[in-house]
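Asker: Before anything else, here's the structure in question.
The values are calculated or read from the model by the stated rules, or taken from the named source; none is laboratory data. The shown structure was predicted, so the numbers you read here are calculated from the model rather than taken from an experiment. Cβ: placed from backbone, ideal geometry, glycine included. Neighbour counts: every protein chain shown. Ligands, DNA and RNA are stripped out before the accessible areas are found, and what is left, the full protein with its side chains, is counted by its heavy atoms. Shrake-Rupley method; radii C 1.70, N 1.55, O 1.52, S 1.80 Å.
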Amino acid sequence: MKESIFHRLYDQYHQDVFQFLVYLVKDRSTAEDLSHEVYVRVLKSYERFQGRSSEKTWLFAIAKNVAIDYFRKKAVRSSRSYTAFDWEREQLVSPVKSPEAFIELNDELRHLLEALEKCTGDQQLVIILRYFQELSIAETAAILNWTEGKVKTTQHRAIKQLRELLSYKKEANQYES
């Protein structure tokens, strides 16, 4: 029984979870490893899933936590001492750009992703979940364990900042031409 549930969840949501992780860590190989970790956690904890949210929302919450754990471990390894992960100051996404990812992207999307890197970690998560993964405000709030109001406010601020960054970039490109 447990195995069939696992396979159904994997078949149904693996691509979405994988894409979400790629956007966060910007490395396909790392995203694959983290994706496997998500499903290891799913297998270990499915019996505790209470159905208060959709399975998709639950999976994305696990994926978000796996990504946070990855960035924490990476920060600890690089600093060689433990520092708490600070959501307000730390960037959740990897600063390393994946070369193959940029080659595949058209210029407009590439500019958007570059601008997104200048947003806060919270803003990046909201934009990725809402627009790249096409989740609702309610689903995004459940994944992030926030109120819907906080999601809306963060989304509004992120869109405003992205518009400013992209219009500035567009103006700069016009002057260069």
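Asker: Is there a pair in Lys73/Lys152; Lys73/Lys160; Lys26/Lys118; Lys26/Lys64; Lys44/Lys74 whose C-alpha atoms are over 21 Å apart, and which pairs would that be?
Answerer: Beyond 21 Å between Cα atoms: Lys73/Lys152; Lys73/Lys160; Lys44/Lys74.
Asker: So what's the net charge close to Asn65: Lys and Arg +1, Asp and Glu -1, counting the other residues with Cβ under 12 Å from its Cβ? The partial results should precede the final answer.
Answerer: Values: positive: Arg41, Lys64, Arg72; negative: Glu37, Asp69.
With Lys, Arg at +1 and Asp, Glu at -1, the net is +1.
Asker: Given labels modelled 7 Å from the Cα in the Cβ direction, how far is it in nm from Tyr131 to Thr147?
Answerer: About 2.5 nm, to one decimal.
Asker: Another one. Sort Phe132, Phe18 by heavy-atom solvent-accessible area, probe 1.4 angstrom, most to least.
Answerer: Largest to smallest exposure gives the sequence Phe132, Phe18.
Asker: Based on the Cβ-Cβ distance from Arg163 to Ala75, what FRET efficiency comes out when R0 is 30 Å, to the nearest 0.05?
Answerer: Here the calculated transfer efficiency is 0.45.
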